[in-house]
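> Structure incoming, see below.
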Amino acid sequence: MSNKPNRNDTLEGHLSRDQEITITTIGRKSGRSISLPVWFAWEDSRLYLLPVKGSDTQWYKNALKNPAIRVDAGGIQSELTAVTVTDAAQVKAVIEKFRGKYGASDVKKYYSKFDVAVIVQD
């Protein structure tokens with residue numbers, strides 16, 4: 001009998017099927033933990049985030065100052081690192097992942113600026 005947790009009870013299991021996660025960043029001015037729900041894409045064991053207002057998004061600005069980010073998916077939390085992406089081709093690839101998951105019309109409706117993305121990793 002395996003001691004491995006059921007894949008459904010792992011962070012990866014939730015990321016492979018959930019529609020929304022909660023991220024927590026450290027406020028760049030306040031130093032407080034700030035949590036909010038976000039959409040995400042999970043592909044090839046990589047977690048992609050797209051800030052709703054691009055580089056004007058507050059949590060993105062916080063991640064620039066302090067890249068430590070907590071991800072909560074289905075109650076399972078992990079402390080990870082946010083790697084910011086500004087290369088236009090890489091950002092476009094993340095946008096396409098979001099369009100594939102959520103639909104182009106919803107991405108257009110909720111996202112107003114497409115100049116940056118974030119890859120979250122160990």
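> Could you name the lysines whose alpha carbon sits less than 26 Å from that of Lys92, not counting residues in the same chain fewer than 8 places away?
Lys53, Lys61, Lys65, Lys101, Lys108, Lys109, Lys113
> What order do Thr84, Thr10 take when sorted by accessible area (1.4 Å probe), most exposed first?
Sorted descending by solvent-accessible area, the residues read Thr84, Thr10.
> Amide H of Ile69: which non-local residues (sequence gap of 5 or more, or other chain) have their own amide H closer than 5 Å, using H built in the peptide plane?
Sorted by chain and number, the residues that satisfy this are Leu80, Thr81, Ala82.
> On average, how much area does the Cα convex hull of region 5-56 cover when viewed from any direction, in nm²?
Quarter of the Cα hull surface area: 4.7 nm².
> Simple spin-label model, 7 Å along Cα-to-Cβ: Lys101 to Asp72 in nm?
1.8 nm
> Once Rh for the chain is found with the Kirkwood sum over Cα pairs, what is the Stokes-Einstein diffusion coefficient at 4 °C and 1.567 mPa s, in µm²/s? Don't jump to the answer; show the numbers that get you there.
On the way: Rh = 14.8 Å.
Approximately 88 µm²/s, per Stokes-Einstein.
> In debye, nearest 20: dipole of the chain around its Cα centre with unit charges on the Cβ of K, R (+) and D, E (-)?
400 debye
The values are calculated or read from the model by the stated rules, or taken from the named source; none is laboratory data. Fair warning: this is a prediction, and the values are worked out from it, not measured in the lab. Reconstructed Cβ throughout: ideal geometry from the backbone, glycine too, with neighbour counts over all protein chains shown. When the accessible area is computed, the model is the full protein with side chains, heavy atoms only, and any ligands, DNA or RNA have been set aside. Shrake-Rupley method; radii C 1.70, N 1.55, O 1.52, S 1.80 Å.
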